[in-house]
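Here is the structure we will look at.
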Amino acid sequence: MANPFELTPDDHLSRPLEKPIPKRRLGKTNVEVTIFGLGGEGVLRSEGKGKEADLVINTALDLGVNYFESANAYSESESYYGNALQGKRDRVFLASKSHARDRAGALKHLEESLSRMKTDHLDLWQIHDVRSEEDFRMIFAPGGAMEAFVEARDKGLTRFIGMTGHHDPAIIRKCLETFDFDTVLIPVNPAEPHYKCFLEEIVPIAGAKDTGVMGMKLYLRGNFNAPKKLLFCYALSQPISIGVIGCDTPDQVKENAYIASNFMSLKYKEVQRLNQIVSPYARDLMFYKP
C-alpha cells in the first residue's frame, strides 16, 4: 500500500493544484488565512538573491497563499517583499516583526519595515523572539516596545499586534496574560511536547482570548527524517490557524502548497504515535541556536 504521506515530484511539480489551499480564521483578527503561509527565511533571508526571492514570493501568490511574513532582522527579506508585491499588496496579509525591546528602537524598525516593504501599513506587526524575563521586563516597562506597538496600531500603521517566541513557553504565556495580543507564533511539531510544551502552555490562554495561534518550525529545520506531509498534517491537526514556512525555491513553495491543499487531519492515535517515535530525540531536535 502506498504511503499517503510520501510525495513524488509528479504530485506537486507537474500539475496545478487540484484543490485550493484551505483557510482558517486567524483568531480575533477574523481574517481567513491559508493554512500554509510564506515565512521570511529560506532564500528570502539572504543577500543578493532578488530574482530568486521574487520567484518564490510570486509562486506562492499564484498558488493562492495569502499570508506573507518577514522581520526587520531578516536581511533583505523585507525589501524582496516590497519589490515582488508591487501592485499586489491588496491580495496579501502582510506581516513583519521587530526585535527591539524599547519604544524608540521599535518605531525605527517599523519605519524601516514600511519603507522596505513599500507599504503604508502592516496587517500584522509582531514582537520578535521573546525569550526571557529580561525581555518581558523591557518590553512592558515604561518606554518599552509595547508602547510602540500600541501607538502603531492606533495610528493605523499596523492592523494587528502579535508576538513570537520559541525558547520558553512560560514567558510567552506571561506576555499573553499581560496584553491582549491578536496573534502568537510558536513552534508546533512532534518534538516540542517532550521538551517545552508550547501548545500545552499557550493554547488554553490563546483560546480564552481568541488569540490566533500560528505554527513555526513545523519541519524541525530538516533535522528529523520524516515526510514533510506527515509533519505538516501533525501541526495543522493541532488547534492552530496556519503553518509559516520559509522556502528556498519555487519547487519548495509548490511542495508546501500541494501538502496544504491535500491536508489530512491526523487521528488522536496517529498524533500520539508520532509523539512517541520522536520522544527519544526531542531535546536535541528542539535545541535551537540563537
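Modelled label positions at Asn225 and Ile205, each set 7 Å beyond Cα in the direction of Cβ, lie 3.9 nm from each other. Principal axis extents of the Cα atoms in region 116-252, from largest to smallest and rounded to whole angstrom, are 46, 35, 25.
The relative contact order of the chain, computed from alpha carbon pairs under 8 Å that lie at least 6 residues apart in sequence, is 23 percent.
Normalised size of region 68-169, defined as Cα radius of gyration per 2.2 N^0.38 Å with N residues, equals 1.03.
In terms of Cα atoms, the Rg and Dmax of region 115-193 work out to 13.4, 40 Å. Each residue of region 117-129 was assigned a 3J(HN,Hα) from its phi angle through the Karplus curve 6.51 cos²θ - 1.76 cosθ + 1.60 (θ = phi - 60°); the sequence is 8, 6, 9, 8, 7, 9, 7, 9, 10, 10, 6, 8, 6 Hz, with glycine and proline shown as x. The calculated Kirkwood hydrodynamic radius for region 22-285 is 18.4 Å, given to one decimal from all distinct C-alpha pairs. Dividing the convex hull volume of the alpha-carbon atoms in region 210-256 by its residue count gives 78 Å³ per residue. Could you give the nm distance between label points at Ala104 and Glu270, where each point is 7 Å from its Cα heading toward the beta carbon? Inter-label distance under the simple model: 5.4 nm.
Largest first, the three principal axis extents of the alpha carbons in region 167-237 are 38, 20, 15 Å in whole numbers. Residues in region 69-94, backbone N under 19 Å from the label point at Asn58 (7 Å along the Cα-to-beta-carbon vector): list them, ranges by number please. Taking a point 7 Å out along Cα→Cβ of Asn58, the residues of region 69-94 whose backbone N falls under 19 Å are 69, 77-93.
Bear in mind that the values in this text are calculations on the coordinates, not laboratory data. All values derive from a computational prediction rather than experimental measurement. Counting neighbours? That spans all protein chains shown, and the Cβs are built from the backbone with ideal geometry, glycine included.
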